[in-house]
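Each remark here refers to the structure printed beneath this line.
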Amino acid sequence: MKEKLQEIRAEALDLLKECKDKNELDALRVRYLGKKGELTALLRGMGALSPEERPKMGAMVNEVRGLIEKALEEKLHALEAEELSRRLAEEQLDVTVPGVQNRLGKKHPLSTVLDEIKDIFLGMGFQIATGPEVELDHYNFEALNMPKNHPARDTQDTFYITENILLRTQTSPMQVRVMEKQKPPIKIIAPGRVYRSDEVDATHSPLFHQVEGLVVDKGIRMSDLKGTLELFAKRLYGEEAVVRFRPHHFSFTEPSAEMDIRCFSCGGKGCRLCKGEGWIEILGAGMVHPKVLEGCGIDPEVYSGFAFGLGLERIVMRRFNIDDLRLFFENDLRFLEQF
Ligand code: DAH
């Protein structure tokens, strides 16, 4: 029996040494110390011993039991420590590693200024209208008092798709589209892309942007046009901005004018920016032609209105001192990142 005990002891301690995880460890605990374990079996067999031997043997079994228990306990701690250091190594976090750079996009300068312009007009009670870039000749020209063979058509090199369908050369067709649908009072701006078959250079692009404006109601006068557009200029360029109106001609307005702003670079003395003029043209405008109102079913005896149209690119170029229009459309990050 003693030999058997020594065997168990040696075997248990060996197995414990090799034990690799907690499951194995539990299995060993059951195998040696459990109710049906090997040591318990040994104790049961003590009935066969003489009364003198029995306590000795009992003490020996208990000693081995204690030894195995202690070894189990130590192994458990060792396994836990191992696991902890393994996790610490695996889950290491190096707080000095540089972060992943998230490159933030920026607003295109055309969008920045367009948003400002929209805000200014929204603040004056205008609504925003949008319409098709592929347009009917009727809206782009005919209804704007530019019948076929009208000389004004020649100034707008048009991309025709068919005889009657074209890429709009201006946002002015939106005036007609809005007036056809909506009866006065009307107070809208219509920003959007326009197209002309121009040769590309520093100041020309086949695609550019305009913002159209239209106000129609009873009793709208030239003074409303001037007041509105002067306020717009001051909001866009600052309170000290000075504007002037020059007579001009557009087929769909009568009278017509162009609005200039006193050069904000030289203050009117004349410089490179204003080409020595002292003034910079920023938009075309006028009182809506009675024929245009009538064509849209609005009685020109009752209603009157004013309209205006500005070129976005030119305004943005002057704002940021950009001398080449192509930069807006090339989307070179080195350019865009500057805004
Ligand atoms: N559509 C004109 C152009 O492209 C600009 C313009 C002038 C628009 C006068 C208007 C206006 O609404 O009243 O040259």
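The values are calculated or read from the model by the stated rules, or taken from the named source; none is laboratory data. Everything numeric in this text was worked out from a predicted model, so none of it was measured. Using ideal geometry, Cβ is built from the backbone for each residue, glycine included, and neighbour counts are taken over all protein chains shown. The accessibility values were calculated without ligands, DNA or RNA, using every heavy atom of the protein model including side chains. Shrake-Rupley method; radii C 1.70, N 1.55, O 1.52, S 1.80 Å.
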Tally up the residues in region 314-339 that are under 19 Å from W279 (Cβ atoms) and either touching a strand residue (DSSP E or B) at 6+ places or on another chain (Cβ under 8 Å) or outside any loop (DSSP other than H, G, I, E, B) (or both), please. 6
Please go through (1) outside any strand (DSSP E or B); (2) free of Cβ contacts under 8 Å to residues at least 60 places away in the same chain; (3) more than 14 Å from the ligand (Cβ to nearest atom) for P184 and return the number of the only condition it doesn't satisfy. (2)
Among the residues of region 272-288, is there at least one that is modelled with pLDDT of 95 or more, closer than 21 Å to H150 by Cα and under 30 Å from the mean Cα position of the chain (by Cα)? no
Check F232, F264 and return the single one that is within 16 Å of the ligand (Cβ to nearest atom) and surrounded by 15 or more Cβ atoms within 10 Å (Cβ to Cβ). F232
Given (1) within 11 Å of the ligand (Cβ to nearest atom); (2) open to solvent by 10 Å² or more (accessible area, probe 1.4 Å), index of the condition P290 fails: (1)
Flag if F232 is out of contact with any Asp or Glu (no Cβ under 7 Å at 6 or more places or on another chain), in the same structural domain as R326 (by TED's automatic domain parsing), closer than 27 Å to S265 by Cβ and of a type in the set (A, V, I, L, M, F, W, C): yes
Which numbered condition trips up V216, out of (1) open to solvent by 10 Å² or more (accessible area, probe 1.4 Å); (2) within 14 Å of the ligand (Cβ to nearest atom); (3) more than 34 Å from the chain's Cα centre (by Cα)? (1)
Candidates E330, E301 - the one that is under 27 Å from F245 (Cα atoms), away from the ligand (no atom under 16 Å from the Cβ), assigned by TED's automatic domain parsing to the domain that holds V113 and open to solvent by 50 Å² or more (accessible area, probe 1.4 Å): E301
Every residue in region 33-86 that is closer than 16 Å to L5 by Cα and among the acidic types (D, E), please. E38, E53, E63, E69
Do any residues in region 57-74 that are under 15 Å from R31 (Cα atoms) have Cβ atoms under 7 Å from those of residues that are β-branched (V, I, T) and assigned to a helix (DSSP H, G or I), where the two are at least six apart or on different chains, and which pairs are they? V64/I8
Here's a check for you: in region 193-206, which residue that is in contact (Cβ under 8 Å) with a residue 60 or more places away in the chain and either open to solvent by less than 50 Å² (accessible area, probe 1.4 Å) or in a helix (DSSP H, G or I) (or both) is farthest from the ligand (Cβ to nearest atom)? A202
Could you grab the pairs with beta carbons closer than 8 Å, sequence gap of 6+ or different chains, first residue in region 249-273 and touching a residue at least 60 places away in the same chain (Cβ under 8 Å), second one hydrophobic (A, V, I, L, M, F, W, C) and surrounded by 19 or more Cβ atoms within 10 Å (Cβ to Cβ)? S251/L144; S251/M146; F252/L144; F252/M146; F252/V288; F252/V292; F252/A307
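Take G309 and decide whether it is assigned to a strand (DSSP E or B) and either more than 16 Å from the ligand (Cβ to nearest atom) or within 19 Å of H209 (Cβ to Cβ) (or both).
Yes, satisfied.
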Among the residues of region 91-118, write down those that are under 14 Å from the mean Cα position of the chain (by Cα) and within 30 Å of Q210 (Cα to Cα). L104, G105, K106, K107, H108, S111, T112
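Determine which member of the set L144, L104, L136, L110 is in contact with a His (Cβ under 7 Å, 6 or more places away or on another chain) and among the aliphatic types (A, V, I, L, M). Reasoning before the result, please.
Details: L144 fails: in contact with a His (Cβ under 7 Å, 6 or more places away or on another chain); L104 fails: in contact with a His (Cβ under 7 Å, 6 or more places away or on another chain); L136 fails: in contact with a His (Cβ under 7 Å, 6 or more places away or on another chain).
Of L144, L104, L136, L110, the one residue that is in contact with a His (Cβ under 7 Å, 6 or more places away or on another chain) and among the aliphatic types (A, V, I, L, M) is L110.
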Among E116, E83, which is open to solvent by less than 90 Å² (accessible area, probe 1.4 Å) and not assigned by TED's automatic domain parsing to the domain that holds T228? E83
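Could you identify the single residue in E258, E254, E230, E240 that is at pLDDT 95 or above, acidic (D, E) and not in a strand (DSSP E or B)?
That would be E230, the only listed residue that is at pLDDT 95 or above, acidic (D, E) and not in a strand (DSSP E or B).
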Conditions first: (1) away from the ligand (no atom under 14 Å from the Cβ); (2) within 20 Å of R193 (Cα to Cα). A285 passes all but one, so which condition is the exception? (1)
By residue number, the members of region 148-164 that are within 27 Å of V216 (Cβ to Cβ) and at pLDDT 90 or above are K148, T158, N164
